Amino acid sequence: MELNGCAAVVTGGASGLGEATARALAAAGVKVAIFDMNADKGEAVAADIGGTFCHVNVTSDESVDAGFAKARAANGQERILINCAGTGNAAKTASRAKETGEIRHFPLDAFNMIIQINLVGTFRCIAKSAAGMLTLEPMADGERGVIVNTASVAAEDGQMGQAAYSASKGGVVGMTLPIARDLMGEGIRVNTILPGIFNTPLMNAAPDNVKAALAASVPFPKRLGIPAEYASLALEMCRNSYFNGEDVRLDGAIRMAPR
């Protein structure tokens, strides 16, 4: 796909992997709309790249619909959707409190929240974007659009406390090929990236010794991933028209330990 002149939507585009991808797309001549909950950061990034910010909560049909309406009014129907919006939490499925011995379990509302944001939110954006892409005329090679999702290595080797997060990201991996098959007759491709340990704003909050230990656990290169490396793969998935239905780890060959 020729990126220059296309329109794109990047969810979670105000920071981290999404911000890096929004910047890389803009540098390639793409008209970018950022969906995010953080208005201050989102507006700043959009202004910096000449894009459009849309205040969007991916768990809400109304919010996502309004975001796509604003993005399309500014840039036209998107041919590119990059799903980076997501979050995580941690709790054991069932455990004992060290102090009291009290038995407790993973709060189901907290489990459901992660599923709603990471899995259902991703699918919501895919379905609504794909429906819009169907209105486009095919490009010279028959392509109408491309969708790139963000899962995690936790989809395949989740750690203790990551039942909700791993389930949500495993769901993103699991739906990639069926959605690619759903859309194959319309010339819309779908791929997913499974990042390892990346140096995002969330990771920056960790103490230096923790980050150093995590970096040392990566086989090679022994460092945290750089958001621009994620963006590079996302753009290749957009450019390379034979890239379809794939789930690709981007992790320096790490395999996560139980804890």
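Yes or no: ALA85 under 15 Å from GLY121 (Cβ atoms), small (Gly, Ala, Ser), buried (at least 17 other Cβ atoms within 10 Å of the Cβ) and in contact (Cβ under 8 Å) with a residue 24 or more places away in the chain?
The answer is yes for ALA85.
If I go through the range 183-205 residue by residue, how many of them are over 30 Å from LEU134 (Cα atoms), polar (S, T, N, Q) and surrounded by 15 or more Cβ atoms within 10 Å (Cβ to Cβ)?
Number satisfying all stated conditions: 2.
Among the listed residues ASP141, ASP109, which satisfies the condition of being of a type in the set (Asp, Glu), out of contact with any Pro (no Cβ under 6 Å at 6 or more places or on another chain), in a helix (DSSP H, G or I) and loosely packed, with under 15 Cβ neighbours inside 10 Å?
ASP109
Out of curiosity, is GLY132 over 18 Å from ASP36 (Cβ atoms) and either surrounded by 17 or more Cβ atoms within 10 Å (Cβ to Cβ) or in contact (Cβ under 8 Å) with a residue 12 or more places away in the chain (or both)?
For GLY132, the condition - over 18 Å from ASP36 (Cβ atoms) and either surrounded by 17 or more Cβ atoms within 10 Å (Cβ to Cβ) or in contact (Cβ under 8 Å) with a residue 12 or more places away in the chain (or both) - is met.
Pick out the one residue from PRO178, PRO195 that is under 16 Å from THR122 (Cβ atoms) and in contact with a strand residue (DSSP E or B) (Cβ under 8 Å, 6 or more places away or on another chain).
PRO195 is the lone residue from the list that is under 16 Å from THR122 (Cβ atoms) and in contact with a strand residue (DSSP E or B) (Cβ under 8 Å, 6 or more places away or on another chain).
Taking the conditions exactly as written (exposed (fewer than 12 other Cβ atoms within 10 Å of the Cβ) and out of contact with any Pro (no Cβ under 9 Å at 6 or more places or on another chain)), does ILE103 satisfy them or not?
yes
Over 18 Å from GLY13 (Cβ atoms), modelled with pLDDT under 95 and out of contact with any Phe, Trp or Tyr (no Cβ under 9 Å at 6 or more places or on another chain): is that true of GLU99 in this structure?
The answer is yes for GLU99.
So which residues in the range 47-79 are in contact (Cβ under 8 Å) with a residue 60 or more places away in the chain, more than 25 Å from ASN4 (Cα to Cα) and more than 17 Å from the chain's Cα centre (by Cα), if there are any at all?
Within the range 47-79, ASP61, ASP65 meet the criteria.
Going by what's in this entry, would PRO207 be described as closer than 30 Å to ALA94 by Cβ and not polar (S, T, N, Q)?
Criteria met by PRO207.
What is the residue count in the range 206-259 for residues that are touching a residue at least 60 places away in the same chain (Cβ under 8 Å), loosely packed, with under 12 Cβ neighbours inside 10 Å and hydrophobic (A, V, I, L, M, F, W, C)?
1
Which ones in the range 21-38 are of a type outside the set (S, T, N, Q), farther than 19 Å from ILE114 by Cα and crowded, with 24+ Cβ neighbours inside 10 Å?
ALA22, LEU25, VAL30, VAL32, ALA33, ILE34
Please verify whether the range 39-46 includes one or more residues that are in contact with a helix residue (DSSP H, G or I) (Cβ under 7 Å, 6 or more places away or on another chain) and either in contact (Cβ under 8 Å) with a residue 40 or more places away in the chain or buried (at least 22 other Cβ atoms within 10 Å of the Cβ) (or both).
yes
Which fully enclosed helices (runs of 4 or more DSSP H) of the range 178-259 have 3 or more residues being modelled with pLDDT of 95 or more?
227-239
Any residue that is closer than 20 Å to CYS6 by Cβ and touching a residue at least 60 places away in the same chain (Cβ under 8 Å) - is there at least one of those in the range 154-177?
The answer is no, given that none of the residues of the range 154-177 is closer than 20 Å to CYS6 by Cβ and touching a residue at least 60 places away in the same chain (Cβ under 8 Å).
Only one of (1) of a type in the set (Gly, Ala, Ser); (2) surrounded by fewer than 14 Cβ atoms within 10 Å (Cβ to Cβ); (3) out of contact with any helix residue (DSSP H, G or I) (no Cβ under 8 Å at 6 or more places or on another chain) is not met by ALA180, so which one is it?
Single failed check for ALA180: (2).
Here's a check for you: in the range 113-138, which residue that is assigned to a loop (DSSP other than H, G, I, E, B) and aliphatic (A, V, I, L, M) is farthest from the chain's Cα centre (by Cα)?
Looking at residues that are assigned to a loop (DSSP other than H, G, I, E, B) and aliphatic (A, V, I, L, M), I get LEU136.
The values are calculated or read from the model by the stated rules, or taken from the named source; none is laboratory data. Note that the structure is a prediction, hence the values are computed from the model and not measured. Counting neighbours? That spans all protein chains shown, and the Cβs are built from the backbone with ideal geometry, glycine included.
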